[in-house]
């Protein structure tokens, strides 16, 4: 597929022979979280391409939708995409849906969307539920600007590199993670970024919906004390604030060694250490003063 994609132009009429690819958001949990437009479109299209046909059939049964359905997921996208594009070019209309939420967001749906765009096939989004937006709206963390990371790689080296790059990102960080790997991810973030405010949102809109808020340290203790978590989790972590987020234990150990030498004033020491740690001089000075008084 080309790296540069054609741009939609206002008033430009689509080819009359082509069908339309509808990108339809479906509920992330509660079956009633679907728009009237989405239900109508699912009934009117010629075919539904679903990530998990078994899951989607539950929704179709609930709303008495009898449209034919085929699978479209990570493992068959390369084979299925040309088939879907051929149908669209012959005039068929197709609805693209994922297991839950909005297709193409941390989802293989982007693959067929890019294919349709490259063939000048109309692509129409029908918005609705999104776990990321739902979690952000109820998190209490800054939402004026955020960065969506999605699922992080399982490869330890690349994951650490990614988290290192995000250490000084000032925007709220949004991750998707499975319940089995959530604790490990939080422990890595805590170790690399320090103790920050964070939120875990799981089972969103379902019967056992839960939103946990607190410091990363507290949330790590909470999750590690549980036998089992269920449901995909959205983890939100406060962005970097200069002078606030730091590894206090590491800073104190550094300061203790320097205070024992007594080779400079406390003010000069705080200035130099603050520069090394990327912190404000006041934060370092206060920590040094506490240690000096304690000694």
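Taken together, the values in this text are just the output of simple stated rules run on the coordinates, not laboratory data. What you are looking at is a predicted structure, and each value in this text was computed from that prediction instead of being measured. Virtual Cβ from ideal backbone geometry, glycine too; neighbours counted across all protein chains shown.
At a glance:
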{"item": "Share antiparallel - DSSP beta bridges, the chain, percent rounded to 5", "result": "45"}
{"item": "Separation in nanometres of the label points that stand 7 Å from Cα toward Cβ, at residue 265 and residue 250", "result": "2.9"}
{"item": "FRET E, pair residue 86, residue 64, Förster distance 22 Å, beta-carbon r, rounded to 0.05", "result": "0.15"}
{"item": "Normalised contact order of the chain, rounded percent, pairs of Cα under 8 Å and 6 or more residues apart", "result": "17"}
{"item": "Distance in nm between pseudo-label sites at residue 57 and residue 210 (7 Å out along the Cβ direction from Cα)", "result": "3.1"}
{"item": "Stretchable slack from residue 192 to residue 44, in nm (0.36 nm times residue separation minus alpha-carbon distance)", "result": "48.2 nm"}
{"item": "Of 67, 102, 53, the one that fluctuates the most in a GNM where the chain has Cα springs shorter than 10 Å", "result": "67"}
{"item": "Packing rank of 37-44, 93-100, 130-137, 54-61, where each peptide gets the mean count of other beta carbons within 10 Å, highest leading", "result": "93-100, 130-137, 37-44, 54-61"}
{"item": "Potential extension, residue 75-residue 148 segment - 0.36 nm per residue separation minus Cα distance", "result": "23.9 nm"}
{"item": "Rounded to 5, percent antiparallel among DSSP beta bridges of segment 21-129", "result": "5"}
{"item": "Residues 211, 28, sorted so that the one with the fewest Cβ neighbours within 10 Å comes first", "result": "211, 28"}
{"item": "Potential extension, residue 30-residue 281 segment - 0.36 nm per residue separation minus Cα distance", "result": "85.4 nm"}
{"item": "Residue-averaged [θ]222 nm for the chain, counting only DSSP H segments that reach four residues, each worth -39500 (n - 2.57)", "result": "-12500 deg cm²/dmol"}
{"item": "GNM top mover of 128, 257, 91 - the chain, alpha-carbon springs below 10 Å", "result": "257"}
